[in-house]
Amino acid sequence: MTEGALDDLVVLDLTHYIAGPFCTKLLADYGATVIKIERPDGGDPARRLPPFFQDDPSLEKSGVFLYLNTNKKGITLNLKTETGRALFKQLVRRADIVVESFSPRVMPGWGLDYEALAKINPRLVMTSISNFGQNGPYRDYKATELVSLALGGWLYFIGEPDRYPVKPFGRQSQHHAGLQAAVGTLTAVQYQQRTGLGQHVDISIMEAVTSILEFTFHVLATQNRVRTRDGSRYFITHPLTILPCKDGHVAVTAIGRAWELASVLMELPQLVEDPRFADPRRRWEMADEIDKLMIGWLTQHNAQEIFERGQELRVPIGLVPTIDQVVNDPQHRSRDFFTTVDHPATGPVEYPGPPVRMYETPWRAGRAPLLGEHNEEVFCGWLGLSKEHLLQLRERNVI
Amino acid sequence: MSDMPLSGVRVLDLTISWAGPYCTRLLATMGAEVIRVDNPHIAPGRPYKMSTYINDHNINKYSVAIDLATPKGVELFKRLVSISDVVAENFSARVMGNLGLDYESLKAVKPDIIMLSMPGFGNSGPYRDYVAYGTVIEAMVGLSQLTGYEDGPPLRVGIAYPDPTAGLVGAFAVLSALHYRARTGKGQQIELSQFESATTLLFEAIMDYTMNRRVPRRQGNRHRSVAPHEVFPCRGDDSWIAIAVTNDEEWRALCDVMGRHDLADDPRFSDILARYEHQDEINAIIAGWTRQFDHNDLMQRLQAAGVPAGAVLSSPELLADPHLKARDFMVMIDDPVDGRRPIAGPSARLSRTPAEFKWGAPLLGQDQDYVFGELLGMSQQERERLAEDGVIFKFPPPELEGQIPPAAQRTGAT
């Protein structure tokens, strides 16, 4: 049995929805013991998010929940009760990490803020993920994915120049914040392991977005240019874009040496011969003319052919597939990237596999917990409560 | 030794562009000593890349230049490996092996070395030797096909989003490997296919396909199940606000702010399902109303009433934003080319050991005295011989003597 890199770590997971669970999923998938703590009535609200397995809206069949909560143990605990909070504090004694994603007032309101928990366990690393961080004028603002993207500054420059801003598919700001939280947490754990001292890690989804805007602040400071919508173009160089082809679209990157190679691929000597295109720094201004020439050739050829011939010539070309094509992509298949996970509510289903391959301590496949599945293991096994006590707590809606 | 989470960790950084340098920059801001090892023949003495946007990813780092295409360069690099903890590279799959610097070779020099490789598509499979940019990967994982207007083509998402994704996943893996090594003494090889790490970003769409064989389509800003959920025009040129109403309470609050109690009572909009069906009508009404207002003022009014709303901020607005200012988010650095300017600060705030922003990107080869002289204890003669052989070079090169701009001095950032 291979080891996980994080095997010795115990994480109490109070997170829900997307950002927090993605952080703790990473910790769990690479070995940590993650105890997911859910409210007794209905659990993590992500259990209500579609898509559902065969469109059956059961609490155990949300594809979002199932993917984000792999390898975690599941217990129920009602933190609105004093008994619930006391049980939580008992668990804190045995934990290395707590991760939570409530609005910033909630944990302090329960007497479970970092200072209080650090008194119980000075080694504790506590990671708090919120929309806007633990302080500041927007701290108590309500946000959804769309709002976070707007205030983070990313939404403004996605879309066509003459149309409204449009968001990336999915829940990217939350996914990204979850990743930032995982890195911040393990960084704090490095310090904890060396010094025995914990700390509070504050993740703001808005700031997670603002920290990856690429050259946006640079062009503002050095050229006084406000980065704005440019369709699929790259705003500082060209061609780096998506263009139509005969049976769909392709992603074309023809900067640097690839410019000459693209002119060979697309049988367009004009690209290298026309003096208007000679200066790479000016090609962005000539984008319309360049695109017209490339589209003329691309629309005569299918995406797959362009992709294969282009890559053979070392031109960075990409397909623009639909999701079924991604799941069946030959590169993914040859590397067994998609992993079958069996779950009592769904049977075997394919999930995306490891985002990174660690050769000594590999990623592990696993499933999400049923609601309250590990109550007995944790409350009786870890905390020594009797089964009768557990039943009483259940009756009183503490678990 | 400064008291930071990664104090005492030394990283040799061979990465280029965004993904790799972002990963190592995360380590450098948390106390690791990150030494860039670059090709001396690019541009001796000049900033690593004349594009200062790339320099942003290389703050806090040291720089040496070694010609790894020479046997003496490989030998010198291995001497550095013998005193380092992590080697990070994002070359295409065959390069390190061809140089004689694959994991097994490095392990022979330092048994507990941690090696992070970030090949675009992975080091196996039919696409192994394909060229990947973040923008190519973005398309290949299906993100572009699903982003855009309902009546428009697939769209890129502005930034090369797979890059910071891979950078963060790489940092996560390195930190995990360091944790494991502290416990067991063992290093390891880490392989991060950017194609694979970016594919996880599409998990909702993937699960719908693997569970239900359903393929989604572009839907602009529309949500799967709630409405209104859209971006609306505000007063001024290209000014917008995002509004997302997720329940009946928020709908009534929005109607209240709009002064439209008739809408709150209108049976066409009475519950989530009804609002979803009639969202075109609702959106038109809201857009007619939002046009009158400044988007920041409107956001404050709506948030005060409990409606999720966010001004769609442009870059100058981010610099002026009161929340980012209150949290001191932007950090000033000294860039060796463009001088003092603001960059985005850390996205993880650690209370006891906050991230450090010590200096701007190094000039190419700037730290040879420290790295070769002090860390490796090489004599002046040995270094001069290597310079004559073209394996390293003398910093500053004669043509730049006396011309190093002041920002190249190691100033602290604020």
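The values are calculated or read from the model by the stated rules, or taken from the named source; none is laboratory data. Model, not experiment: these values are computed from the prediction. Cβ: placed from backbone, ideal geometry, glycine included. Neighbour counts: every protein chain shown. Heads up: the accessible areas ignore ligands, DNA and RNA and are worked out on the full protein's heavy atoms, side chains in. Shrake-Rupley method; radii C 1.70, N 1.55, O 1.52, S 1.80 Å.
Points worth noting:
- Residues of the stretch A:305-327 that are farther than 16 Å from B:Phe121 by Cβ, of a type outside the set (A, V, I, L, M) and more than 7 Å from chain B (Cβ to nearest Cβ): A:Glu305, A:Arg309.
- Only one of the numbered conditions (1) touching an Asp or Glu at 6+ places or on another chain (Cβ under 7 Å); (2) open to solvent by 10 Å² or more (accessible area, probe 1.4 Å); (3) more than 7 Å from every other protein chain (Cβ to nearest Cβ); (4) not aliphatic (A, V, I, L, M) is not met by B:Pro162, and that is (2).
- Segments classed as helices (runs of 4 or more DSSP H), wholly inside the stretch B:151-229, with at least 3 members that are in contact with a Ser or Thr (Cβ under 6 Å, 6 or more places away or on another chain): B:162-184
- Every residue from the stretch A:10-21 that is under 18 Å from A:Ile75 (Cα atoms) and either open to solvent by less than 10 Å² (accessible area, probe 1.4 Å) or within 14 Å of the chain's Cα centre (by Cα) (or both): A:Val11, A:Leu12, A:Asp13, A:Leu14, A:Thr15, A:His16, A:Tyr17, A:Gly20, A:Pro21
- Any chance B:Ile114 is open to solvent by less than 10 Å² (accessible area, probe 1.4 Å) and either more than 7 Å from chain A (Cβ to nearest Cβ) or hydroxyl-bearing (Ser, Thr, Tyr) (or both): yes
- Of the strands (runs of 3 or more DSSP E) entirely within the stretch A:197-270, those holding at least 3 residues that are open to solvent by less than 20 Å² (accessible area, probe 1.4 Å) and over 13 Å from A:Ile290 (Cα atoms) occupy A:199-204.
- Taking the criterion of being within 30 Å of A:Leu151 (Cα to Cα) and at the interface with chain B (Cβ under 7 Å from one of its Cβ atoms), the residues of the stretch A:190-205 that qualify are A:Gln199, A:His200, A:Val201, A:Asp202, A:Ile203.
- Strands (runs of 3 or more DSSP E) contained in the stretch A:29-139 and holding at least 1 residues more than 12 Å from chain B (Cβ to nearest Cβ) and crowded, with 22+ Cβ neighbours inside 10 Å: A:33-38, A:72-76, A:97-100
- The numbered conditions (1) away from chain A (no Cβ under 14 Å); (2) out of contact with any helix residue (DSSP H, G or I) (no Cβ under 8 Å at 6 or more places or on another chain); (3) open to solvent by 20 Å² or more (accessible area, probe 1.4 Å) are all true for B:Ile42 except (1).
- Taking the criterion of being more than 7 Å from every other protein chain (Cβ to nearest Cβ), on the phi < 0 side of the Ramachandran plot and touching a Pro at 6+ places or on another chain (Cβ under 9 Å), the residues of the stretch B:326-345 that qualify are B:Met330, B:Val331, B:Met332, B:Ile333, B:Asp334, B:Asp335, B:Pro336, B:Val337.
- Tally, over the stretch A:339-384, of residues that are open to solvent by less than 20 Å² (accessible area, probe 1.4 Å), touching a helix residue (DSSP H, G or I) at 6+ places or on another chain (Cβ under 6 Å), assigned to a loop (DSSP other than H, G, I, E, B) and not hydroxyl-bearing (Ser, Thr, Tyr): 4
- Members of the stretch B:304-320 found to be open to solvent by less than 50 Å² (accessible area, probe 1.4 Å) and over 18 Å from A:Thr228 (Cα atoms), listed by number: B:Ala305, B:Gly306, B:Val307, B:Pro308, B:Ala309
- Given (1) more than 23 Å from A:Gln190 (Cα to Cα); (2) out of contact with any helix residue (DSSP H, G or I) (no Cβ under 6 Å at 6 or more places or on another chain); (3) not in a loop (DSSP other than H, G, I, E, B), index of the condition A:Leu151 fails: (2)
- Each residue in the stretch B:266-314 was checked for being in a loop (DSSP other than H, G, I, E, B) and either over 15 Å from B:Arg222 (Cβ atoms) or under 38 Å from the mean Cα position of the chain (by Cα) (or both), and 14 pass.
- Taken together, the residues in the stretch B:168-219 that are polar (S, T, N, Q), in contact with a Gly (Cβ under 6 Å, 6 or more places away or on another chain) and either at positive phi or open to solvent by less than 10 Å² (accessible area, probe 1.4 Å) (or both) amount to 1.
- Restricting the first member to the stretch B:217-233 and to residues that are more than 14 Å from A:Pro165 (Cβ to Cβ) and at the interface with chain A (Cβ under 8 Å from one of its Cβ atoms), and the second to residues that are acidic (Asp, Glu) and in a loop (DSSP other than H, G, I, E, B), the beta-carbon pairs closer than 9 Å and six or more apart or on different chains are B:Arg218/B:Glu150; B:Arg218/B:Asp151.
- Looking only at the stretch A:166-182, and only at residues there that are open to solvent by less than 10 Å² (accessible area, probe 1.4 Å), within 16 Å of the chain's Cα centre (by Cα) and more than 18 Å from A:Asn69 (Cα to Cα), the one that is farthest from the other protein chains (Cβ to nearest Cβ): A:Ser173
- The residues in the stretch A:291-304 that are over 10 Å from A:Val250 (Cβ atoms), of a type outside the set (Lys, Arg) and open to solvent by 70 Å² or more (accessible area, probe 1.4 Å) can be counted, and the count is 1.
- Residue in the stretch B:133-152 that is at the interface with chain A (Cβ under 7 Å from one of its Cβ atoms), modelled with pLDDT under 95 and open to solvent by 30 Å² or more (accessible area, probe 1.4 Å) present: yes
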